[in-house]
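The structure appears right after this line, and notes come after that.
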Amino acid sequence: MDKIPILKIKDTLVVLLQDDLTDSIAIHFQEDLLKKIFASKVKGVLIDISLLGIVDSFLGRVISDTAKMIKLLGAELVLVGMSSSVAITLVELGLEIGNVSTSLDIDSGLELLTALVKSNAVKEVDNIQITEEGKNDFI
Amino acid sequence: MILFELNIEEEKDIVAVRQKSREAAVNLNFSFVDQTRIITAASELSRNIYQHAIKGRAIIEKISEGIKNGIMITFEDEGPGIRDIYLAMKNGYSTTKSLGLGLSGSKRLMDEFEIYSTIGKGTKVIIKKWL
């Protein structure tokens, strides 16, 4: 495997990470995913790591960086399928991925993603109203 | 007893060390959480070799001490060595762009951790986990 498939399902990109991931495949995946978000204009990304036996500091950082980059593109990431042993190991390792939204499985992950995307949309609408009111005041 | 001996020269060798340390940890009947800790530490330390020394090896062994059994993995390289081990062991210290959790994090994940390094000669890290 030298490329990770990224599926588009309705308005969401879905990725299933697998165990034999090398560092360079992970980095390419990050670029691929960001390009795909930009091209397809999706607002939500779901990454399933249930098939990953471990998440080490390198992959953990790739995931955490990717979440920040996705936010910059105006979209949201939800990480699903983290096993309890991966959670324990990540904390003991000292890795901070607190900026990443997580959910137990794909179903609840999709729900969370929908909620996050919706709240972003509401924020955008609020911002527009504020600026319009501001304009009126100014005039 | 040596179970596996693996050369670390290419990036894919990090994946191979992960796979073999998993195989060893499973065969030695480590709990699922301990398997994950062992594989994660093995991944961190083999990446250290690949990034800093370019070439080295990992030796995975079954060990016994009295009635207790365990796993020992030795990572050795002939790389540049570590100038200040105390600094290198600090959380977040890194000479590359990594997070600097490799050494300190692996130490936290395992029961025993030893490190020896000579400038210009190389580095040896030994990790152990008891059943």
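The values are calculated or read from the model by the stated rules, or taken from the named source; none is laboratory data. Remember, it's a predicted structure, so these values are computed and weren't measured experimentally. Reconstructed Cβ throughout: ideal geometry from the backbone, glycine too, with neighbour counts over all protein chains shown. Heads up: the accessible areas ignore ligands, DNA and RNA and are worked out on the full protein's heavy atoms, side chains in. Shrake-Rupley method; radii C 1.70, N 1.55, O 1.52, S 1.80 Å.
For B:GLU23, indicate whether it is open to solvent by 10 Å² or more (accessible area, probe 1.4 Å) and at the interface with chain A (Cβ under 10 Å from one of its Cβ atoms).
The answer is no for B:GLU23.
Return only the number of the condition from (1) open to solvent by less than 70 Å² (accessible area, probe 1.4 Å); (2) within 20 Å of B:LYS124 (Cα to Cα); (3) touching a residue at least 12 places away in the same chain (Cβ under 8 Å) that B:ILE2 does not satisfy.
(1)
Check B:ARG18, B:ARG47 and return the single one that is touching a residue at least 40 places away in the same chain (Cβ under 8 Å) and at the interface with chain A (Cβ under 10 Å from one of its Cβ atoms).
Values: B:ARG18 fails: touching a residue at least 40 places away in the same chain (Cβ under 8 Å).
Of the residues listed, the single one that is touching a residue at least 40 places away in the same chain (Cβ under 8 Å) and at the interface with chain A (Cβ under 10 Å from one of its Cβ atoms) is B:ARG47.
Filter the range B:54-64 for residues that are surrounded by fewer than 19 Cβ atoms within 10 Å (Cβ to Cβ), of a type outside the set (A, V, I, L, M, F, W, C) and touching a residue at least 40 places away in the same chain (Cβ under 8 Å) and give the result. Outline the logic, then answer.
Filtering the range B:54-64 for residues surrounded by fewer than 19 Cβ atoms within 10 Å (Cβ to Cβ) gives B:54-55, B:57, B:59, B:61-64.
Of the ones still in play, those that are also of a type outside the set (A, V, I, L, M, F, W, C) are B:55, B:57, B:61-62, B:64.
B:LYS55, B:ARG57, B:GLU61, B:LYS62, listed by residue number.
Need the failing condition index for A:GLY53 against (1) open to solvent by 50 Å² or more (accessible area, probe 1.4 Å); (2) modelled with pLDDT under 95, just the number.
Against the list (1) open to solvent by 50 Å² or more (accessible area, probe 1.4 Å); (2) modelled with pLDDT under 95, A:GLY53 comes up short only on (1).
Select from the range B:79-129 the residues that are of a type in the set (D, E, K, R) and within 14 Å of chain A (Cβ to nearest Cβ) and write down the one among them that is surrounded by the most Cβ atoms within 10 Å (Cβ to Cβ). Outline the logic, then answer.
Taking the range B:79-129 as the starting set, the residues that turn out to be of a type in the set (D, E, K, R) are B:83-84, B:90, B:97, B:107-108, B:111-112, B:114, B:121, B:124, B:128-129.
Checking the rest, the ones that are also within 14 Å of chain A (Cβ to nearest Cβ) come to B:90, B:97, B:107-108, B:111, B:129.
On the way: B:LYS90: 13, B:LYS97: 8, B:LYS107: 18, B:ARG108: 16, B:ASP111: 13, B:LYS129: 21.
Across the range B:79-129, the extreme among qualifying residues is B:LYS129.
With respect to A:VAL86, determine if the residue is surrounded by 18 or more Cβ atoms within 10 Å (Cβ to Cβ), within 14 Å of another protein chain (Cβ to nearest Cβ) and touching a residue at least 12 places away in the same chain (Cβ under 8 Å).
Values: surrounded by 18 or more Cβ atoms within 10 Å (Cβ to Cβ): yes; within 14 Å of another protein chain (Cβ to nearest Cβ): yes; touching a residue at least 12 places away in the same chain (Cβ under 8 Å): yes.
Yes; evaluated as a whole, the condition is true for this residue.
Quick check on the range A:16-31. Is at least one of its residues more than 27 Å from B:GLU10 (Cβ to Cβ), more than 14 Å from chain B (Cβ to nearest Cβ) and under 13 Å from the mean Cα position of the chain (by Cα)?
Within the range A:16-31, the first condition is being more than 27 Å from B:GLU10 (Cβ to Cβ), and the residues that meet it are none.
Among the residues of the range A:16-31, not one is more than 27 Å from B:GLU10 (Cβ to Cβ), more than 14 Å from chain B (Cβ to nearest Cβ) and under 13 Å from the mean Cα position of the chain (by Cα), which makes the answer no.
Which residue out of A:ASN127, A:ASN120 is in contact (Cβ under 8 Å) with a residue 60 or more places away in the chain and either more than 14 Å from chain B (Cβ to nearest Cβ) or assigned to a helix (DSSP H, G or I) (or both)? Walk me through how you get there before you give the answer.
On the way: A:ASN127 fails: in contact (Cβ under 8 Å) with a residue 60 or more places away in the chain.
Just a single option satisfies the conditions, and that option is A:ASN120.
What residue, of A:ASP65, A:ASP56, is within 14 Å of chain B (Cβ to nearest Cβ) and within 14 Å of the chain's Cα centre (by Cα)? Walk me through it before giving the result.
Details: A:ASP56 fails: within 14 Å of the chain's Cα centre (by Cα).
On inspection, the qualifying residue turns out to be A:ASP65.
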